[in-house]
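Step one of this worksheet: look at the structure below.
The values are calculated or read from the model by the stated rules, or taken from the named source; none is laboratory data. From a predicted model like this one, the values you see are computed outputs, not experimental measurements. Here the Cβ positions follow ideal geometry from the backbone for every residue, glycine too, while neighbour counts run over all protein chains shown. With ligands, DNA and RNA removed, areas are computed over all heavy atoms of the protein, side chains included. Shrake-Rupley method; radii C 1.70, N 1.55, O 1.52, S 1.80 Å.
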Amino acid sequence: MKKTALIEKVATALFEAESTGTEVDKFTAAYSELDAELGYQISERLIEIKCETGQTRIVGRKLGLTSEAKMKQMNVDEPCYGTLLANMACTENEPISLANLIHPKIEPEIAFIFNRSLEGSHITVPQVLEAASYIAPALEIIDSRYRHFSFTLPDVIADNASSSRYIIGDQFFKPTEFNLALMGMVFKKNGKIVSTGTGAAVMGHPARAIAWLANKLSQSGKTIQAGDVVLSGALAGAIDIQPNDHVSVSFDGIGSVSASFC
Ligand code: OOG
Ligand code: MG
(Lines give C-alpha, C1' and ligand atoms only; values in the text may rest on other atoms or scores of the structure.)
(Ligands and ions follow the chains in the order given, each with its own letter.)
Protein backbone atom coordinates (compact mmCIF):
# COMPACT_ATOMS: atom_id res chain seq x y z
CA MET A 1 0.00 0.00 0.00
CA LYS A 2 1.19 3.54 -0.71
CA LYS A 3 2.62 5.27 2.35
CA THR A 4 0.08 8.11 2.34
CA ALA A 5 -2.80 5.64 1.99
CA LEU A 6 -1.49 3.53 4.88
CA ILE A 7 -1.13 6.61 7.12
CA GLU A 8 -4.73 7.62 6.38
CA LYS A 9 -6.09 4.10 6.82
CA VAL A 10 -4.43 3.42 10.18
CA ALA A 11 -5.06 6.92 11.59
CA THR A 12 -8.75 6.68 10.65
CA ALA A 13 -9.06 3.17 12.11
CA LEU A 14 -7.46 4.27 15.40
CA PHE A 15 -9.71 7.33 15.55
CA GLU A 16 -12.78 5.12 15.01
CA ALA A 17 -11.57 2.58 17.59
CA GLU A 18 -11.26 5.29 20.24
CA SER A 19 -14.53 7.01 19.29
CA THR A 20 -16.50 3.78 19.52
CA GLY A 21 -14.55 2.18 22.38
CA THR A 22 -13.71 -0.85 20.24
CA GLU A 23 -10.34 -2.61 20.17
CA VAL A 24 -8.50 -3.32 16.92
CA ASP A 25 -5.75 -5.72 15.84
CA LYS A 26 -2.15 -4.51 15.70
CA PHE A 27 -1.36 -3.04 12.30
CA THR A 28 2.23 -4.32 12.19
CA ALA A 29 0.82 -7.85 11.78
CA ALA A 30 -0.74 -6.85 8.43
CA TYR A 31 1.70 -4.16 7.26
CA SER A 32 5.34 -5.12 7.67
CA GLU A 33 6.44 -1.72 6.35
CA LEU A 34 5.00 -0.07 9.46
CA ASP A 35 8.09 1.11 11.38
CA ALA A 36 8.52 3.65 14.20
CA GLU A 37 8.97 6.56 11.79
CA LEU A 38 5.75 5.74 9.96
CA GLY A 39 4.12 5.25 13.38
CA TYR A 40 4.91 8.88 14.26
CA GLN A 41 3.47 10.05 10.93
CA ILE A 42 0.28 8.11 11.65
CA SER A 43 -0.01 9.58 15.15
CA GLU A 44 0.49 13.06 13.70
CA ARG A 45 -2.38 12.45 11.26
CA LEU A 46 -4.50 11.04 14.12
CA ILE A 47 -3.94 14.23 16.15
CA GLU A 48 -4.80 16.31 13.08
CA ILE A 49 -8.10 14.43 12.70
CA LYS A 50 -8.92 15.00 16.38
CA CYS A 51 -8.15 18.73 16.16
CA GLU A 52 -9.91 19.24 12.78
CA THR A 53 -13.32 19.65 14.39
CA GLY A 54 -11.98 22.53 16.49
CA GLN A 55 -13.06 20.70 19.64
CA THR A 56 -9.56 20.27 21.01
CA ARG A 57 -5.97 21.40 20.62
CA ILE A 58 -2.43 20.32 21.47
CA VAL A 59 -1.35 21.21 25.02
CA GLY A 60 1.84 19.18 25.35
CA ARG A 61 3.48 15.78 25.06
CA LYS A 62 3.91 12.59 27.03
CA LEU A 63 6.74 10.13 27.23
CA GLY A 64 6.06 6.41 27.14
CA LEU A 65 8.10 3.38 28.16
CA THR A 66 10.83 5.40 29.88
CA SER A 67 11.14 3.05 32.87
CA GLU A 68 12.35 -0.54 33.12
CA ALA A 69 9.06 -1.43 34.84
CA LYS A 70 7.01 -0.22 31.89
CA MET A 71 9.27 -1.69 29.20
CA LYS A 72 9.02 -5.10 30.89
CA GLN A 73 5.28 -4.80 31.40
CA MET A 74 4.62 -3.92 27.75
CA ASN A 75 7.41 -6.01 26.25
CA VAL A 76 8.84 -3.08 24.29
CA ASP A 77 12.42 -1.96 24.86
CA GLU A 78 12.50 1.64 23.60
CA PRO A 79 10.84 4.85 24.76
CA CYS A 80 8.32 6.70 22.63
CA TYR A 81 6.23 9.86 22.83
CA GLY A 82 2.66 10.95 22.25
CA THR A 83 0.73 14.23 22.15
CA LEU A 84 -1.50 15.58 24.92
CA LEU A 85 -4.72 17.31 23.90
CA ALA A 86 -6.81 19.75 25.94
CA ASN A 87 -9.74 17.34 26.18
CA MET A 88 -7.59 14.64 27.84
CA ALA A 89 -7.10 16.77 30.99
CA CYS A 90 -9.15 15.76 34.03
CA THR A 91 -9.23 17.13 37.58
CA GLU A 92 -9.11 15.63 41.05
CA ASN A 93 -12.41 17.26 41.91
CA GLU A 94 -14.79 15.02 40.06
CA PRO A 95 -14.94 11.31 39.28
CA ILE A 96 -13.62 10.42 35.85
CA SER A 97 -15.98 8.42 33.66
CA LEU A 98 -14.53 5.20 32.26
CA ALA A 99 -17.68 4.52 30.24
CA ASN A 100 -16.19 5.16 26.80
CA LEU A 101 -12.80 3.56 27.43
CA ILE A 102 -11.75 0.08 26.29
CA HIS A 103 -9.47 -1.35 29.01
CA PRO A 104 -8.12 1.63 30.97
CA LYS A 105 -5.05 1.50 33.19
CA ILE A 106 -3.46 4.17 35.37
CA GLU A 107 0.16 4.97 36.17
CA PRO A 108 2.21 7.42 38.28
CA GLU A 109 4.13 10.19 36.52
CA ILE A 110 5.80 13.56 37.05
CA ALA A 111 4.49 16.50 34.99
CA PHE A 112 6.82 19.23 33.74
CA ILE A 113 5.35 22.59 32.74
CA PHE A 114 7.45 24.81 30.49
CA ASN A 115 7.65 28.59 30.42
CA ARG A 116 9.94 28.67 27.46
CA SER A 117 10.69 26.49 24.46
CA LEU A 118 13.48 23.92 24.35
CA GLU A 119 15.08 24.09 20.95
CA GLY A 120 18.01 22.05 19.75
CA SER A 121 19.13 18.50 19.12
CA HIS A 122 21.53 18.14 22.08
CA ILE A 123 19.32 19.20 24.98
CA THR A 124 20.67 18.18 28.40
CA VAL A 125 19.16 17.55 31.85
CA PRO A 126 20.22 20.98 33.23
CA GLN A 127 18.68 22.71 30.19
CA VAL A 128 15.39 20.91 30.85
CA LEU A 129 15.46 21.93 34.52
CA GLU A 130 16.16 25.54 33.55
CA ALA A 131 13.40 25.73 30.92
CA ALA A 132 10.71 24.07 33.05
CA SER A 133 8.92 26.49 35.34
CA TYR A 134 7.18 23.81 37.39
CA ILE A 135 6.88 20.14 38.21
CA ALA A 136 3.80 18.51 39.75
CA PRO A 137 2.62 14.99 40.62
CA ALA A 138 0.57 13.42 37.84
CA LEU A 139 -1.49 10.35 37.00
CA GLU A 140 -1.92 9.14 33.45
CA ILE A 141 -4.79 6.98 32.24
CA ILE A 142 -3.71 4.94 29.27
CA ASP A 143 -6.09 2.96 27.08
CA SER A 144 -4.50 1.12 24.20
CA ARG A 145 -6.81 0.77 21.25
CA TYR A 146 -5.18 -2.62 20.52
CA ARG A 147 -6.69 -5.96 21.43
CA HIS A 148 -5.49 -7.29 24.81
CA PHE A 149 -3.43 -4.10 25.30
CA SER A 150 -0.75 -5.80 23.19
CA PHE A 151 1.42 -4.03 20.61
CA THR A 152 4.88 -3.49 19.11
CA LEU A 153 6.73 -0.14 19.20
CA PRO A 154 5.40 1.14 15.82
CA ASP A 155 1.82 0.17 16.76
CA VAL A 156 1.88 2.00 20.08
CA ILE A 157 3.51 5.07 18.51
CA ALA A 158 0.73 5.19 15.87
CA ASP A 159 -1.85 4.94 18.70
CA ASN A 160 -0.50 8.16 20.27
CA ALA A 161 1.34 6.11 22.91
CA SER A 162 -1.97 4.81 24.37
CA SER A 163 -2.87 8.33 25.57
CA SER A 164 -6.32 8.71 27.08
CA ARG A 165 -6.58 11.09 30.08
CA TYR A 166 -4.31 12.75 32.61
CA ILE A 167 -4.62 14.46 35.97
CA ILE A 168 -2.10 16.95 37.37
CA GLY A 169 -1.96 17.92 41.04
CA ASP A 170 -2.59 21.57 41.80
CA GLN A 171 0.59 22.35 43.71
CA PHE A 172 3.52 23.38 41.54
CA PHE A 173 7.22 23.41 42.42
CA LYS A 174 10.45 24.64 40.86
CA PRO A 175 12.28 21.58 39.50
CA THR A 176 15.74 22.94 40.34
CA GLU A 177 14.90 22.77 44.05
CA PHE A 178 14.74 18.97 44.13
CA ASN A 179 16.91 16.00 43.41
CA LEU A 180 14.40 14.39 41.08
CA ALA A 181 16.46 11.21 40.74
CA LEU A 182 16.13 10.58 44.49
CA MET A 183 12.54 11.70 44.84
CA GLY A 184 10.48 8.94 46.51
CA MET A 185 7.10 7.86 45.17
CA VAL A 186 4.20 5.88 46.72
CA PHE A 187 1.44 4.67 44.39
CA LYS A 188 -1.84 3.51 45.98
CA LYS A 189 -5.13 2.01 44.84
CA ASN A 190 -8.10 1.89 47.19
CA GLY A 191 -5.87 2.67 50.17
CA LYS A 192 -3.36 -0.12 49.48
CA ILE A 193 0.20 0.47 48.29
CA VAL A 194 0.59 -0.90 44.76
CA SER A 195 4.22 0.13 44.21
CA THR A 196 6.93 2.43 45.49
CA GLY A 197 9.84 3.93 43.59
CA THR A 198 12.08 6.90 42.98
CA GLY A 199 12.49 9.36 40.13
CA ALA A 200 15.58 7.50 38.93
CA ALA A 201 13.23 4.76 37.65
CA VAL A 202 12.68 7.07 34.66
CA MET A 203 15.93 6.93 32.65
CA GLY A 204 18.04 7.61 35.75
CA HIS A 205 16.46 11.07 36.12
CA PRO A 206 12.98 12.17 34.97
CA ALA A 207 14.41 15.24 33.22
CA ARG A 208 16.52 12.89 31.08
CA ALA A 209 13.29 11.58 29.55
CA ILE A 210 12.26 15.16 28.75
CA ALA A 211 15.68 15.80 27.17
CA TRP A 212 15.24 12.61 25.12
CA LEU A 213 11.87 13.95 23.94
CA ALA A 214 13.28 17.38 23.01
CA ASN A 215 16.04 15.72 20.98
CA LYS A 216 13.63 13.27 19.35
CA LEU A 217 11.19 16.07 18.42
CA SER A 218 14.00 18.06 16.83
CA GLN A 219 14.47 15.23 14.30
CA SER A 220 11.08 16.12 12.80
CA GLY A 221 11.42 19.89 13.21
CA LYS A 222 9.29 20.07 16.38
CA THR A 223 10.04 21.49 19.82
CA ILE A 224 8.77 21.52 23.38
CA GLN A 225 7.02 24.91 23.44
CA ALA A 226 6.39 27.55 26.09
CA GLY A 227 3.24 26.54 27.95
CA ASP A 228 3.55 22.83 27.14
CA VAL A 229 2.78 20.16 29.73
CA VAL A 230 5.05 17.12 29.40
CA LEU A 231 4.55 13.84 31.27
CA SER A 232 7.77 12.02 32.17
CA GLY A 233 6.53 8.47 31.55
CA ALA A 234 5.46 6.16 34.37
CA LEU A 235 7.82 5.41 37.24
CA ALA A 236 6.09 2.08 37.86
CA GLY A 237 3.85 -0.41 36.07
CA ALA A 238 0.30 0.58 35.10
CA ILE A 239 -2.67 -0.97 36.94
CA ASP A 240 -6.25 -1.72 35.84
CA ILE A 241 -8.99 0.64 36.98
CA GLN A 242 -12.75 0.25 37.31
CA PRO A 243 -15.64 2.47 38.41
CA ASN A 244 -15.44 3.27 42.15
CA ASP A 245 -11.67 2.80 42.34
CA HIS A 246 -9.61 5.52 43.98
CA VAL A 247 -5.95 5.92 43.02
CA SER A 248 -3.26 8.27 44.32
CA VAL A 249 0.42 8.99 43.92
CA SER A 250 2.51 10.86 46.51
CA PHE A 251 6.00 12.20 45.93
CA ASP A 252 8.56 13.32 48.47
CA GLY A 253 8.40 17.12 48.71
CA ILE A 254 5.88 17.87 45.94
CA GLY A 255 2.69 16.37 47.39
CA SER A 256 0.19 14.08 45.79
CA VAL A 257 -2.57 13.79 43.23
CA SER A 258 -5.51 11.42 43.23
CA ALA A 259 -8.28 10.29 40.95
CA SER A 260 -11.57 8.48 41.39
CA PHE A 261 -13.65 6.80 38.74
CA CYS A 262 -17.25 6.21 37.78
C1 OOG B 1 2.31 2.77 26.23
C2 OOG B 1 2.38 4.10 26.89
C3 OOG B 1 3.37 4.07 28.02
C4 OOG B 1 4.32 5.29 30.01
O5 OOG B 1 4.18 6.16 30.86
O6 OOG B 1 5.24 4.48 30.03
C7 OOG B 1 3.30 5.22 28.93
C8 OOG B 1 1.54 1.76 27.05
O9 OOG B 1 2.06 1.25 28.04
O10 OOG B 1 0.41 1.45 26.67
O11 OOG B 1 2.46 6.09 28.88
MG1 MG C 1 2.33 7.14 30.77
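Simple point charges give the picture: +1 on the Cβ of Lys and Arg, -1 on the Cβ of Asp and Glu, and for segment 3-260 a dipole about the Cα centre of about 240 debye. In the elastic network of the chain, a GNM with C-alpha springs shorter than 10 Å, the most mobile of Ser164, Ser97, Ser250 is Ser97. Split the accessible area of the chain by element, probe 1.4 Å, and carbon with sulfur accounts for 49%. Once the dipole of the chain is set up with Lys and Arg at +1 and Asp and Glu at -1 on Cβ about the Cα centre, which of Val247, Cys80, His205 lies farthest towards its positive end? The one lying farthest along the dipole's positive direction is His205. Label-to-label distance, Asp252 versus Glu37, with points set 7 angstrom from Cα along the beta-carbon direction: 4.3 nm. FRET efficiency for the pair Ser117 and Ala86, taken as 1/(1 + (r/R0)^6) with r the Cβ-Cβ distance and R0 = 22 Å, rounds to 0.70. For the chain, the Stokes-Einstein estimate of translational diffusion at 20 °C and a viscosity of 1.002 mPa s comes to 117 µm²/s, using the Kirkwood hydrodynamic radius over alpha-carbon pairs.
Along its principal axes, segment 95-183 has C-alpha extents of 41, 34, 25 angstrom, given from the largest down.
So if each residue of separation counts as 0.36 nm, and I subtract the Cα-Cα distance between Asn215 and Lys189, what length gain in nm does that give?
On the way: separation 26, 0.36 × 26 = 9.36 nm, distance 3.47 nm.
That works out to 5.9 nm of additional length.
Close amide H contacts of Phe261 (hydrogens built in the peptide plane, cut-off under 5 Å, sequence separation of 5 or more or a different chain): Ile96, Asn244, Asp245. The modelled label-to-label distance between Thr53 and Glu94, using points 7 Å beyond Cα along the C-beta direction, is 1.8 nm. Rounded to the nearest 20 debye, the dipole magnitude of segment 166-262 is 200 debye, with +1 charges on Lys and Arg beta carbons, -1 on Asp and Glu beta carbons, and the Cα centre as origin. With the simple model of a label 7 Å out from the Cα in the direction of the Cβ, Thr124 to Lys174 spans 2.1 nm. Residue by residue, segment 189-206 carries 3J(HN,Hα) couplings of 10, 6, x, 9, 5, 8, 7, 10, x, 9, x, 4, 4, 8, 6, x, 6, x Hz when phi is fed to the Karplus relation 6.51 cos²θ - 1.76 cosθ + 1.60 (θ = phi - 60°); x denotes Gly or Pro. Per residue, the chain exposes an accessible area of 43 Å² to a 1.4 Å probe, with every protein chain left in place.
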